[in-house]
1. Among (1) over 29 Å from residue 13 (Cβ atoms); (2) crowded, with 17+ Cβ neighbours inside 10 Å; (3) more than 17 Å from the chain's Cα centre (by Cα), where does residue 92 come up short?
2. What is the number of the single condition among (1) surrounded by fewer than 11 Cβ atoms within 10 Å (Cβ to Cβ); (2) touching a strand residue (DSSP E or B) at 6+ places or on another chain (Cβ under 9 Å) that residue 77 does not meet?
3. Would you check if residue 63 is modelled with pLDDT under 95, assigned by TED's automatic domain parsing to the domain that holds residue 118 and assigned to a strand (DSSP E or B)?
4. Quick check on the range 127-140. Is at least one of its residues over 20 Å from residue 61 (Cβ atoms), among the aromatic types (Phe, Trp, Tyr) and assigned by TED's automatic domain parsing to the domain that holds residue 60?
5. Filter the range 73-90 down to the residues that are in contact with a helix residue (DSSP H, G or I) (Cβ under 8 Å, 6 or more places away or on another chain) and modelled with pLDDT of 95 or more, then identify the one that is farthest from residue 57 (Cα to Cα).
6. Going residue by residue through the range 106-116, is there one that turns out to be part of a helix (DSSP H, G or I), surrounded by 15 or more Cβ atoms within 10 Å (Cβ to Cβ), in the same structural domain as residue 35 (by TED's automatic domain parsing) and touching a residue at least 12 places away in the same chain (Cβ under 8 Å)?
Amino acid sequence: MDGAFVVGPIDHAELFQKKVIKVIGEELVFITDNTHPIMSSIRDIQTRTLLVFPMGCSYRRILEQWLHNEGLIPNKIIEFDSLGAIISSVCSGLGMSLLPMSVVKEYVQAGTLRCHSIQNSYANVPTVFVYRKDRFISNALIKFIDMLEPVKNFV
């Protein structure tokens, strides 16, 4: 693989990254079962179980940074290796999660999940194109990277 589009930013010594705006970014939302009351603040999650991907997941990193910034420590965290397991567990009322709206939209429209908007500084996550520093970069890859419209002032 020459490169990949991922949720960023990425902080890895062996990777270059380029933030792009012509690729669809992600809007993150909290999801709960459909009987959960509307959330009024991030503090509402402190007594709930958080259902997350293992360490290394960008969505989890964003959630943990947000909680840290708010001085919150979640009551209970359960890790899952699959998106389907997280969504099924949220639907059954086991806990709540932070996921992209594009992933849960159908469930929300069907009424099986409730989504809760979050503050903009955490809701909109950038898409970056990453590629290895130690690998040969072909002319085709260089041209592809050059076609990506960059976001100004991004390292």
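1. (2)
2. For residue 77, the failing item is (1).
3. Working: modelled with pLDDT under 95: yes; assigned by TED's automatic domain parsing to the domain that holds residue 118: yes; assigned to a strand (DSSP E or B): no.
When the stated conditions are applied, residue 63 does not pass them.
4. Within the range 127-140, the subset over 20 Å from residue 61 (Cβ atoms) is 131-140.
Pick out the ones that are also among the aromatic types (Phe, Trp, Tyr) and you get 131, 136.
Remaining after also requiring assigned by TED's automatic domain parsing to the domain that holds residue 60: none.
No - not one qualifying residue is present in the range 127-140.
5. Narrowing the range 73-90 to residues in contact with a helix residue (DSSP H, G or I) (Cβ under 8 Å, 6 or more places away or on another chain): 73-75, 78, 80, 83, 87.
Filter once more, so that each one left must be modelled with pLDDT of 95 or more: 78, 80, 87.
Details: 78: 14, 80: 11, 87: 16 Å.
Looking at residues that are in contact with a helix residue (DSSP H, G or I) (Cβ under 8 Å, 6 or more places away or on another chain) and modelled with pLDDT of 95 or more, I get 87.
6. Let us first name the residues in the range 106-116 that are part of a helix (DSSP H, G or I), namely 106-110.
From what's left, surrounded by 15 or more Cβ atoms within 10 Å (Cβ to Cβ): 107-108.
Going one step further and asking which of them are in the same structural domain as residue 35 (by TED's automatic domain parsing), we end up with 107-108.
This time we only want the ones that are touching a residue at least 12 places away in the same chain (Cβ under 8 Å), so: 107-108.
Yes, that holds for at least one residue.
The values are calculated or read from the model by the stated rules, or taken from the named source; none is laboratory data. Just so we're clear, the structure is a prediction, and the values are computed from it rather than from any experiment. When we count neighbours, we look across all protein chains shown, and the Cβ atoms used for this are built from the backbone with ideal geometry, even at glycine.
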